[in-house]
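To start, the structure itself, in structure tokens.
None of the figures in this text is laboratory data; all of them are computed from the coordinates on show. Here the structure is a predicted model, which is why all the values come from computation and not from measurement. Every residue, glycine as well, gets a Cβ built from its backbone with ideal geometry; the counts of neighbours run over all protein chains shown.
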Amino acid sequence: MPPPPWQRHEYDRTMATTFRLGTRGSPLALTQAGMVRDALIAAHGWDDVEIVVVRTTGDRVQDRALAEIGGKALWTKELDRALLAGEVDACVHSMKDVETIRPAEIAIAAILPRADARDRLIGAESIEALPHGAVLGTSSPRRRAQMLRRRPDLKVVLLRGNVDSRLGKLAAGEIDATLLAAAGLERLERHETGVPLPVETTLPAPAQGAVGVETLADGPARALVDVIDCADTHRCIRMERALLAALGATCHSPVAAIATWQGDQIHLAAELLDEDGTAHVGGSTIGPAEDALATALAADLLERAPAVIRQLFGG
Ligand SMILES: NCc1[nH]cc(CCC(=O)O)c1CC(=O)O
């Protein structure tokens, strides 16, 4: 029998204890947890990593808009609890689902290299090709606003559930089109599903395409996980999250942003919209990869934003 966590003073992988990785149970979450497991095994030469499925409130409640029941904490709270209780050593997240403000005891220990950050449109060859009044299913305020901005005739309806069930509703004719992250589709081996929308016209969600691993800020797991960190991706995600923090954005705020490296500098582009995409403010900046770059862009955007947008942000 391995010693219980509170008796373990340090990790020794020659012991019988296996590193435990907490994750949600959706097919995408399990695939992402598998990526992290494989990276840890390769980096440390471990025999195995245990994957522990934790059911979150967000997984249980499928029928109401996220806005009605609370923010991104729905997806993280149960995983946080398991981490803080010592039931798991680390938790795997889609970084775009992780709230901007995290408990002080928890740290983002690693972020895997970013995949394709774009959205893919499923159901038509292009946004322009959607029939007049087509029904678009999405539960993302950003996607809703971006699409309505370009196609005010679309009827946007709430669409939740995992990737497969969303695609199932499309196949069943409940909706005409939807948008999904290219990263998720590719991880689920759906390479042929949908057409990618260029970042230049459809800016993705902050942190889209990035898988992160959280550990206790002070525990021994942090250094073990840090070994698989992609520093370049981590910096980009940090910039995008710094922007969200400076905007006072929540998961209900229609906001898009992406940071990319240009040489040794960061290019950060962002846009804010109102709920129906009638108001819009966008901008970009380039400079050193420091939070101040994001903070300055946030201030600039909020200053130029019309009141209808500014009221959606708390910053
Ligand atoms: N909010 C759900 C969610 N969180 C992360 C992804 C995709 C994977 C990623 O962005 O890394 C998705 C599904 C989607 O938006 O299509």
At R0 = 22 Å the Cβ-Cβ FRET efficiency linking residue 104 and residue 231, nearest 0.05, sits at 0.45
Would you order 49, 227, 195, 36 from fewest to most other beta-carbon atoms within 10 Å of each residue's own beta-carbon?
227, 195, 49, 36
Using the Cα centre as the reference, give the magnitude of the dipole from point charges on the C-beta atoms of the range 166-315 (Lys, Arg: +1; Asp, Glu: -1; all else neutral), rounded to the nearest 20 debye.
160
Projecting the Cα atoms of 175, 141, 122 onto the charge dipole of the range 119-196, where Lys and Arg contribute +1 and Asp and Glu -1 at Cβ, the residue farthest towards the positive end is 141
What percent of all Cα-Cα pairs in the range 120-248 falls in each 10 Å bin, counting up from 0?
11, 35, 30, 17, 6, 1
Distance-filtered residues of the range 96-121 - backbone nitrogen under 11 Å, label point 7 angstrom along residue 30 Cα→Cβ
none
Run the dipole for the range 214-270 about the Cα centre, Lys and Arg Cβ at +1, Asp and Glu Cβ at -1, nothing else charged, and hand back the magnitude in debye, nearest 20.
180
Per GNM of the chain with C-alpha springs under 10 angstrom, the most fluctuating residue out of 116, 274, 80 is 116
With the Cα gyration tensor of the range 241-310 in hand, give its eigenvalues times 5 under a square root as the equivalent ellipsoid semi-axes, listed largest first in whole angstrom.
22, 11, 10
Pop the C-beta distance of residue 53 and residue 300 into the FRET formula with R0 = 51 Å and round what comes out to the nearest 0.05.
0.75
Suppose every Lys and Arg Cβ carries +1 and every Asp and Glu Cβ carries -1, with no other charges. What dipole size does the range 126-165 come out with about its Cα centre, to the nearest 20 debye?
220
Among 268, 247, 130, whose mean-square fluctuation peaks in a Gaussian network model of the chain (Cα, cutoff 10 Å)?
130
Label model pair residue 132, residue 275: point-to-point distance (7 angstrom along the Cα→beta-carbon line) in nm is 2.7
If I fit a long axis through the Cα atoms of helix 231-247 and take the longest principal axis of the Cα atoms of the chain, what angle between them do I get, 0 to 90°, rounded to 10?
60
GNM, the chain, Cα, under 10 Å: largest mean-square fluctuation among 173, 287, 22?
173
List the lysines whose alpha-carbon lies under 27 Å from that of residue 77, not counting same-chain residues fewer than 8 positions away?
96
Take the range 119-196, compute every pairwise Cα distance, and split them into 5 Å bins from 0; I just need the percent in each bin.
3, 17, 30, 28, 16, 5, 0
Surface/4 of the Cα convex hull for the chain, nm²
16.4
